[in-house]
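Input: a single structure, listed below in structure tokens.
The values are calculated or read from the model by the stated rules, or taken from the named source; none is laboratory data. Computed from a predicted structure; not experimentally measured. Here the Cβ positions follow ideal geometry from the backbone for every residue, glycine too, while neighbour counts run over all protein chains shown.
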Amino acid sequence: MIGQEITRQDVLRGSITEERAWWDLLHYDLKVTVNPDQKKIQGTNTITYKVLSKNKVMQIDLQKPMKIKRVEQNGKKLSVSSEGSAHFIKLKKQKVGTEQSLTIHFEGKPKEAVRPPWDGGFSWDQDANGKHFVATSNQGIGSSIWWPNKDHPADEPDRGVDLFITAPFGLTAVGNGRLVDVKEMGALKTWHWKVVNPINNYGVNINIGDYVNFSEKFEGLNGELDLDYWVLRDNLDKAKTQFEQVPLMMRAFEYWFGPYPFYEDSFKLVEVPYLGMEHQSSVTYGNRYQNGYLGTDLSDSGWGLQFDFIIIHEAGHEWFANNITNKDVADMWLHEGFTAYSENLYLNYHFSDIAASEYVVGTRRLIQNDSPIIGTYNANRRGSSDMYYKGSNILHTLRQLLEDDKKWRQILRGLNATFKHQTVSSAQVEKYISEQSGIDLTEFWQQYLRTTMIPKLEYKWNDNELSFRYTNIIEKFDMPVIVIVDGEEEWIFPSSEWKSKKFSNMIQEVQVKPDFYVDSELILN
């Protein structure tokens with residue numbers, strides 16, 4: 001997607017169009033009947049919204065091959081025109097300030113995910129006993145791949161979602177939030193799940209299988225939190241062992257980030273036939289009940305095998321992605337960078353500073369620096385996949401600059417409190433951290449987020465005098481860094497010009513402290 005031409009469809013999907021701007025999304029009432037045998041779905045979505053300004057056209061998104069059958073408001077059918085995946089509903093005159101609702105009827109065979117969760121859609125699978133095993137995952141491709149909605153991250157339903165999933169009798173359907181009711185209708189069964197908090201569209205999910213359930217209580221910062229687990233029947237024993245990491249995760253992240261953001265909606269892990277995703281209050285799991293990332297250590301440090309990657313990473317998204325959500329996918333590093341960073345904070349809490357450091361530094365081998373980690377705004381364009389581990393190393397470097405873990409923890413917790421249940425821009429987060437840290441981070445953010453250049457510290461020494469400068473930097477970049485001189489840590493303050501610092505003894509060896517994400521080169525005299 002990086003470097004591709006921006007099309008009209010990209011703009012319609014990725015920007016706040018005139019037909020999106022005039023109304024504020026309040027609630028979805030989504031009813032979906034799933035037919036696994038035919039790989040078809042049909043349903044309705046009743047959208048409740050507030051009229052912010054005068055406009056008679058509403059943009060709703062639904063991707064092919066799904067179809068809108070009809071749209072109704074106040075018992076009357078409304079006309080719909082379409083431009084690719086964007087559908088424009090012509091409304092009657094509506095008074096500014098009022099709440100309104102309309103119902104969209106839809107059906108079709110939704111796109112089947114080829115490589116979920118990266119290539120999104122429906123996963124139609126079977127378990128080891130031949131029973132249907134169905135799930136959705138659609139972060140990148142968008143929730144409109146299977147249901148009609150306002151498919152832009154800037155506007156979430158303030159009052160949440162009521163999700164009704166109808167599936168064949170003998171299967172269990174699991175969605176977001178709490179289970180309200182189950183109704184039998186002959187050969188079908190409907191499961192009503194309710195989310196009361198705002199939720200990003202891509203977080204709404206459907207999971208269907210031969211599930212069994214177990215649960216526990218977690219005594220958290222905001223009281224008693226329900227932890228629920230839905231797994232395939234044959235995997236119950238393995239799940240009970242592997243999911244012992246969930247309370248450990250919750251304890252670590254509440255320490256670093258503040259209270260779990262969705263106590264009212266509970267926390268769930270749900271087994272799925274793909275690797276996993278951060279669906280809000282319904283985190284999906286497919287890591288095969290083993291530690292690491294499918295049994296491997298992404299950092300090559302050994303520490304990545306001390307935790308189940310999917311439990312820790314995807315649950316970390318409850319704070320960064322689900323609590324704090326990017327307004328534009330160009331800023332998706334706010335989701336992935338902070339959550340990748342949560343992996344080493346988990347290690348920090350349960351193991352040590354050394355474990356955290358070795359892990360995050362180890363993940364640098366995955367960074368490509370192919371393009372900036374911030375993408376193109378208003379065009380449904382994410383930045384580089386470096387947003388994960390370049391993002392985490394940026395934040396780890398920033399922690400070193402503060403030299404105050406208490407303040408750093410206050411900043412992370414403050415982010416989740418200040419921007420709770422909000423959609424934000426990278427600029428807002430950058431400004432908040434700069435203000436709270438008391439450091440002017442203007443060039444820091446510009447260097448690391450908006451260029452592919454990694455600062456290089458060139459250094460040399462003569463007797464007891466160390467000389468140094470930065471290359472590969474933007475103008476005015478002057479981040480201080482710790483160097484280890486003959487085993488002793490010392491702060492230096494490089495810029496683009498050569499500077500020097502004298503030491504009391506003859507210098508024998510110099511290296512940059514690994515916790516700083518900079519390159520270095522010894523310049524021979």
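Of the residues in segment 86-106, not one is in contact (Cβ under 8 Å) with a residue 60 or more places away in the chain and in a loop (DSSP other than H, G, I, E, B). Considering the conditions (1) touching a Phe, Trp or Tyr at 6+ places or on another chain (Cβ under 6 Å); (2) in contact (Cβ under 8 Å) with a residue 60 or more places away in the chain, residue 284 is excluded by exactly one of them, (1). For segment 219-241, filtering for residues that are touching an Asp or Glu at 6+ places or on another chain (Cβ under 6 Å) and of a type outside the set (Gly, Ala, Ser) leaves 5. Among the residues making up segment 375-393, a single one is among the hydrophobic types (A, V, I, L, M, F, W, C) and buried (at least 23 other Cβ atoms within 10 Å of the Cβ): 387. For segment 114-172, filtering for residues that are touching a residue at least 12 places away in the same chain (Cβ under 8 Å) and part of a strand (DSSP E or B) leaves 21.
On the stretch given as segment 182-210, residues that are at pLDDT 95 or above and surrounded by fewer than 21 Cβ atoms within 10 Å (Cβ to Cβ) total 11. Quick check on residue 457: is it farther than 30 Å from residue 418 by Cβ, hydrophobic (A, V, I, L, M, F, W, C) and either assigned to a strand (DSSP E or B) or within 27 Å of the chain's Cα centre (by Cα) (or both)? The answer is yes for residue 457.
Go through the residues of segment 312-319 one by one and say whether even a single one is small (Gly, Ala, Ser), more than 20 Å from residue 226 (Cα to Cα) and in a helix (DSSP H, G or I). Steps first, answer last, please.
Start the filter on segment 312-319 by keeping residues that are small (Gly, Ala, Ser), which leaves 315-316.
Those still in the list that are more than 20 Å from residue 226 (Cα to Cα) too: none.
The answer is no; no qualifying residue exists.
When each of 256, 230 is tested for being in contact with a Lys or Arg (Cβ under 7 Å, 6 or more places away or on another chain), more than 30 Å from residue 35 (Cα to Cα) and either assigned to a strand (DSSP E or B) or touching a residue at least 60 places away in the same chain (Cβ under 8 Å) (or both), the lone residue that passes is 256.
Among the residues of segment 24-71, those that are surrounded by fewer than 16 Cβ atoms within 10 Å (Cβ to Cβ) and not in a strand (DSSP E or B) comprise 37, 38, 39, 52, 53, 54, 56, 64, 65.
A quick yes/no check of all residues on (1) under 31 Å from the mean Cα position of the chain (by Cα); (2) not aliphatic (A, V, I, L, M):
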| position | (1), (2) |
| --- | --- |
| 486 | no, yes |
| 504 | no, yes |
| 512 | no, no |
| 519 | yes, yes |
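Of all residues in segment 445-484 being of a type in the set (Phe, Trp, Tyr) and out of contact with any Leu (no Cβ under 8 Å at 6 or more places or on another chain), which is surrounded by the most Cβ atoms within 10 Å (Cβ to Cβ)? Per the stated criteria, the residue is 448.
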